[in-house]
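S.K.: Here's a structure for you.
The values are calculated or read from the model by the stated rules, or taken from the named source; none is laboratory data. Fair warning: this is a prediction, and the values are worked out from it, not measured in the lab. As a convention, Cβ positions derive from the backbone with ideal geometry for all residues, glycine included, and neighbour counts pool all protein chains shown.
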Amino acid sequence: MKIKFLGTAAAEGWPGIFCDCDMCRRARTLKGKNIRTRSSCLIDDAYLVDYPPDSYMHSIVHDLDFSKLKSIFITHSHGDHFIPQDFELRADTYAHIINKKPLMLYGNTTVYKIFNDTLKNFNLENSVIYNSIEPFKPYKIDHITLLPLPADHAKGEMCFIYVIEKDGKTLLYGHDSGYYSDDTWNELLKHKFDIVILDCTFGPLDKSLGPNEYSQGHMGLYTDIKVKERLIKSGAADENTRFVITHFSHNCGLLHDELEKLAEPEGFITAYDGMEVEV
Ligand SMILES: [Zn+2]
Ligand SMILES: [Zn+2]
Ligand SMILES: [Zn+2]
């Protein structure tokens, strides 16, 4: 399983679109891995997790042909994870798809409502099909098993994290989320992960919560460490499991190299835009 991180920022991007803070200024000057676009991951060139507003730019910068995309798994409706307008451009005349197969979207009912409200006047019948999915139910999609589990993220919406199995490998796509609920943990611990991707929006700032508290809504490095320890202790991960942190906010106070210096000794790979990991 090949995972390519197309974007690794939280909602504002980094530098933040309208932000003039020290972190954003330093990122604008230093560039490189400090420039982060809104988060998504590409799996084996055909499956995307989330469709952020930077997706078109991702396809250009990373030389990707999105006509080859088979499915997109949406985690939740926030604008940095799902922007529906582009999908009208997969209709006939806007897009010429050689294999004629529709692009399949999977996500919760909140995302479906936004998709439907935005695109109801377009005939996408043969171009894009939305599938509403429920937590704790595994879905067979081509050679993938997709298991949505409840995230701890937004009130009034069933936000998902995903367990994705393909070709004998298992991925946890674990954001956006704070520390997981007991129900989610019960399901997670039934799996053995080859790669775990975690929310690190807060960077090192969740340390101030103290050793027995976990960050909610999003995670930071110290909650990520707790998640990693619990997965390893219960046998759901081991020394061969790759742990990756992503979805960073400019408010977290550390640029890429600084974050990496903290995260590497704890066994985490600090994601950057364009990074590839193969498991
Ligand atoms: Zn987000
Ligand atoms: Zn900023
Ligand atoms: Zn969110």
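S.K.: Return yes when Phe248 is of a type outside the set (Gly, Ala, Ser), within 16 Å of ligand 2 (Cβ to nearest atom), closer than 28 Å to Arg25 by Cα and crowded, with 16+ Cβ neighbours inside 10 Å and no when it is not. If you could, list the steps in order and put the result at the bottom.
M.R.: On the way: of a type outside the set (Gly, Ala, Ser): yes; within 16 Å of ligand 2 (Cβ to nearest atom): yes; closer than 28 Å to Arg25 by Cα: yes; crowded, with 16+ Cβ neighbours inside 10 Å: yes.
Yes.
S.K.: Contact list please: Cβ distance under 7 Å, first residue in the stretch 260-274 and under 11 Å from Cys200 (Cβ atoms), second residue of a type in the set (Ser, Thr, Tyr), pairs at least six apart or on different chains.
M.R.: Every condition considered, the pairs that remain are Ala263/Thr270; Ala271/Thr8; Ala271/Thr246.
S.K.: Mind checking whether some residue in the stretch 7-20 is modelled with pLDDT of 95 or more, within 16 Å of ligand 1 (Cβ to nearest atom) and closer than 14 Å to Tyr173 by Cβ?
M.R.: yes
S.K.: Looking at Thr223, is it polar (S, T, N, Q), touching a strand residue (DSSP E or B) at 6+ places or on another chain (Cβ under 7 Å) and crowded, with 23+ Cβ neighbours inside 10 Å? Show your work before the answer.
M.R.: Working: polar (S, T, N, Q): yes; touching a strand residue (DSSP E or B) at 6+ places or on another chain (Cβ under 7 Å): no; crowded, with 23+ Cβ neighbours inside 10 Å: yes.
Spelling it out, it is not the case that Thr223 is polar (S, T, N, Q), touching a strand residue (DSSP E or B) at 6+ places or on another chain (Cβ under 7 Å) and crowded, with 23+ Cβ neighbours inside 10 Å.
S.K.: I would also like to ask the following. Quick one: which strands (runs of 3 or more DSSP E) lie wholly within the stretch 37-138 and hold at least 3 residues that are touching a helix residue (DSSP H, G or I) at 6+ places or on another chain (Cβ under 9 Å) and modelled with pLDDT of 95 or more? Break it down into steps so the answer makes sense when it comes.
M.R.: Working: elements: 40-43, 47-49, 71-73, 103-107, 128-132.
The qualifying strands (runs of 3 or more DSSP E) are 103-107, 128-132.
S.K.: Can you find a residue in the stretch 215-222 that is within 25 Å of Ile35 (Cβ to Cβ), assigned to a strand (DSSP E or B) and away from ligand 1 (no atom under 16 Å from the Cβ)?
M.R.: no
S.K.: Quick check: anything in the stretch 206-219 closer than 18 Å to Gly267 by Cα and of a type in the set (Ser, Thr, Tyr)?
M.R.: The answer is no; no qualifying residue exists.
S.K.: Residues to consider are Ser39, Ser77; find the one that is within 16 Å of ligand 3 (Cβ to nearest atom), in contact (Cβ under 8 Å) with a residue 24 or more places away in the chain and touching a His at 6+ places or on another chain (Cβ under 6 Å). Don't jump to the end; show me each part of the working.
M.R.: Numbers: Ser77 fails: touching a His at 6+ places or on another chain (Cβ under 6 Å).
Unique residue meeting the criteria: Ser39.
S.K.: Can you find a residue in the stretch 104-123 that is in contact (Cβ under 8 Å) with a residue 60 or more places away in the chain, under 17 Å from the mean Cα position of the chain (by Cα) and within 16 Å of ligand 1 (Cβ to nearest atom)? Don't jump to the end; show me each part of the working.
M.R.: To start, the set of residues in the stretch 104-123 that are in contact (Cβ under 8 Å) with a residue 60 or more places away in the chain comprises none.
No.
S.K.: Now for a separate question. Among the small types (Gly, Ala, Ser) and in contact with a strand residue (DSSP E or B) (Cβ under 6 Å, 6 or more places away or on another chain) - does that describe any residue in the stretch 71-78? Outline the logic, then answer.
M.R.: To start, the set of residues in the stretch 71-78 that are among the small types (Gly, Ala, Ser) comprises 71, 77.
From the residues that got through so far, the ones that are in contact with a strand residue (DSSP E or B) (Cβ under 6 Å, 6 or more places away or on another chain) too are 71.
The answer is yes, given that some residue of the stretch 71-78 is among the small types (Gly, Ala, Ser) and in contact with a strand residue (DSSP E or B) (Cβ under 6 Å, 6 or more places away or on another chain).
S.K.: Looking for something among the basic types (Lys, Arg) and within 24 Å of Glu276 (Cα to Cα) - is there at least one such residue anywhere in the stretch 60-76? Outline the logic, then answer.
M.R.: Step one: filter the stretch 60-76 for residues among the basic types (Lys, Arg), giving 68, 70.
Narrowing further to those that are within 24 Å of Glu276 (Cα to Cα): 68, 70.
Among the residues of the stretch 60-76, at least one is among the basic types (Lys, Arg) and within 24 Å of Glu276 (Cα to Cα), which makes the answer yes.
S.K.: While we're looking at this one, here's another question. Here are the criteria: (1) more than 16 Å from the chain's Cα centre (by Cα); (2) within 16 Å of ligand 1 (Cβ to nearest atom); (3) under 24 Å from Leu255 (Cβ atoms). Tell me which single one Thr37 does not satisfy.
M.R.: The one condition Thr37 does not meet is (1).
S.K.: Right, next: So which residues in the stretch 109-131 are of a type in the set (S, T, N, Q), more than 24 Å from Gly217 (Cβ to Cβ) and in contact with a strand residue (DSSP E or B) (Cβ under 8 Å, 6 or more places away or on another chain), if there are any at all? Even if it seems obvious, please write down each step before you answer.
M.R.: Pass one, the stretch 109-131, residues of a type in the set (S, T, N, Q): 109-110, 116, 118, 121, 123, 126-127, 131.
Imposing the further condition that a residue be more than 24 Å from Gly217 (Cβ to Cβ) reduces the set to 116, 118, 121, 123, 126-127, 131.
Selection gives Asn116, Ser127, Asn131.
S.K.: Any idea how many residues of the stretch 17-35 are more than 30 Å from Val163 (Cα to Cα) and in a loop (DSSP other than H, G, I, E, B)?
M.R.: In the first step, residues of the stretch 17-35 are kept if they are more than 30 Å from Val163 (Cα to Cα); the result is 17-32.
Keeping just the survivors that are in a loop (DSSP other than H, G, I, E, B) gives 17-21, 31.
Final tally of qualifying residues: 6.
S.K.: Report yes if some residue within the stretch 50-72 is in contact (Cβ under 8 Å) with a residue 60 or more places away in the chain and within 16 Å of ligand 3 (Cβ to nearest atom); otherwise report no. Step through it out loud before you land on a result.
M.R.: Step one: filter the stretch 50-72 for residues in contact (Cβ under 8 Å) with a residue 60 or more places away in the chain, giving 61-62, 70-71.
So of that shortlist, the ones also within 16 Å of ligand 3 (Cβ to nearest atom) come out as none.
So far as the stretch 50-72 goes, no, none of its residues is in contact (Cβ under 8 Å) with a residue 60 or more places away in the chain and within 16 Å of ligand 3 (Cβ to nearest atom).
S.K.: Additional query: Residues in the stretch 226-245 that are crowded, with 22+ Cβ neighbours inside 10 Å and either charged (D, E, K, R) or over 13 Å from Leu198 (Cα atoms) (or both): how many? Please lay out each step first, then the result.
M.R.: Initial filter on the stretch 226-245 (crowded, with 22+ Cβ neighbours inside 10 Å): 227, 231, 237, 243-245.
Right, trim to either charged (D, E, K, R) or over 13 Å from Leu198 (Cα atoms) (or both) and you get 237.
Residues in the stretch 226-245 being crowded, with 22+ Cβ neighbours inside 10 Å and either charged (D, E, K, R) or over 13 Å from Leu198 (Cα atoms) (or both): 1 in total.
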